[in-house]
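> Below are the structure tokens for one structure; questions will follow.
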Amino acid sequence: MPGLHGNEMPLDLLLGEVLRKVAPQIQVLSSRHSMSQINQQGLASEYTQMRVDAELSYILNRESLKRIGSALGARYVFQPRLAAFAQIMTDRWTFPGFGVLLMQTRSSDLRVSLQLWDAKTGELLWVSMAEGTLQSEAASRDYVYFEDAARVALGGMIADLLNQKTASTYTPLNKLLDQLIEIPSPEAKSDGTKTAAPPSQ
């Protein structure tokens, strides 16, 4: 996103760390390995163009995705996207008359989306958006760092994926709407197949 370029670079590394911890059953290719394979297979320009197009359309081109997935030997591709990021420091307590800072509130806020694509068919299988906010009270001037907030947001989204959800934060309004939606039981399907019911919120 304009104004955020550079900040998004750690997302793939942090997503890999979160996946290995939260979903160890998923085999994850490192970003270093993926970038090397894409370049060695002569797909760097096509990969770049696919990413540029996705900035405008939020869609990964099917043919490019298929070729890149084949080069990596990967069937599924996660596409993280940083939508917003801010670090804020607010003075909370100063010594009157002397201007001596005794305490600050430090916070990092980010918004990130995550897509899961089928590299073979070009199907968008799952998408989620989450916001991560971390705050701390301290006398030092250190920020709450990007990677900490990103781990919170990405960890929540991967947990959602494993639990068949698409939102990491539920407000009271969300909970009310969930209660109003009738969720059919696995036995209610007429074709005899079963599907896992979503967890209670």
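> Looking at (1) touching an Asp or Glu at 6+ places or on another chain (Cβ under 6 Å); (2) touching a residue at least 40 places away in the same chain (Cβ under 8 Å), can you tell me which one Ala86 breaks?
Against the list (1) touching an Asp or Glu at 6+ places or on another chain (Cβ under 6 Å); (2) touching a residue at least 40 places away in the same chain (Cβ under 8 Å), Ala86 comes up short only on (2).
> While we're on this one: Just checking, which of Leu19, Leu29, Leu60 is touching a residue at least 60 places away in the same chain (Cβ under 8 Å) and in a loop (DSSP other than H, G, I, E, B)? Walk me through how you get there before you give the answer.
Working: Leu19 fails: in a loop (DSSP other than H, G, I, E, B); Leu29 fails: touching a residue at least 60 places away in the same chain (Cβ under 8 Å).
Step by step, each of Leu19, Leu29, Leu60 is checked, and only Leu60 is touching a residue at least 60 places away in the same chain (Cβ under 8 Å) and in a loop (DSSP other than H, G, I, E, B).
> Can you pull out every residue in the stretch 137-148 that is assigned to a helix (DSSP H, G or I) and either at pLDDT 80 or above or among the charged types (D, E, K, R) (or both)?
Glu147, Asp148
> Which members of the stretch 37-62 meet the condition of being of a type in the set (Gly, Ala, Ser) and either within 19 Å of the chain's Cα centre (by Cα) or surrounded by 12 or more Cβ atoms within 10 Å (Cβ to Cβ) (or both)? Please lay out each step first, then the result.
Of the residues in the stretch 37-62, the ones of a type in the set (Gly, Ala, Ser) are 42, 44-45, 54, 57.
Once the filter is applied, which keeps residues that are of a type in the set (Gly, Ala, Ser) and either within 19 Å of the chain's Cα centre (by Cα) or surrounded by 12 or more Cβ atoms within 10 Å (Cβ to Cβ) (or both), the stretch 37-62 yields Ala44, Ala54, Ser57.
> Okay, moving on. Ser64 passes all but one of (1) at pLDDT 95 or above; (2) under 19 Å from Leu114 (Cβ atoms); which number fails?
Looking at each condition in turn, Ser64 falls short on (2).
> What residue, among those in the stretch 95-123 that are among the hydrophobic types (A, V, I, L, M, F, W, C), surrounded by fewer than 18 Cβ atoms within 10 Å (Cβ to Cβ) and outside any loop (DSSP other than H, G, I, E, B), is modelled with the highest pLDDT?
Our first condition is that a residue be among the hydrophobic types (A, V, I, L, M, F, W, C); within the stretch 95-123, this holds for 95, 98, 100-103, 110, 112, 114, 116-117, 119.
Among the residues that remain, those that are also surrounded by fewer than 18 Cβ atoms within 10 Å (Cβ to Cβ) are: 95, 98, 100-103, 116.
With the extra rule that they be outside any loop (DSSP other than H, G, I, E, B), the set shrinks to 95, 100-103, 116.
Values: Phe95: 50, Val100: 49, Leu101: 48, Leu102: 50, Met103: 56, Leu116: 95.
Across the stretch 95-123, the extreme among qualifying residues is Leu116.
The values are calculated or read from the model by the stated rules, or taken from the named source; none is laboratory data. Please read all numbers here as calculations on a predicted model, not as lab measurements. Positions of Cβ are backbone-derived with ideal geometry, glycine not excepted, and every protein chain shown enters the neighbour counts.
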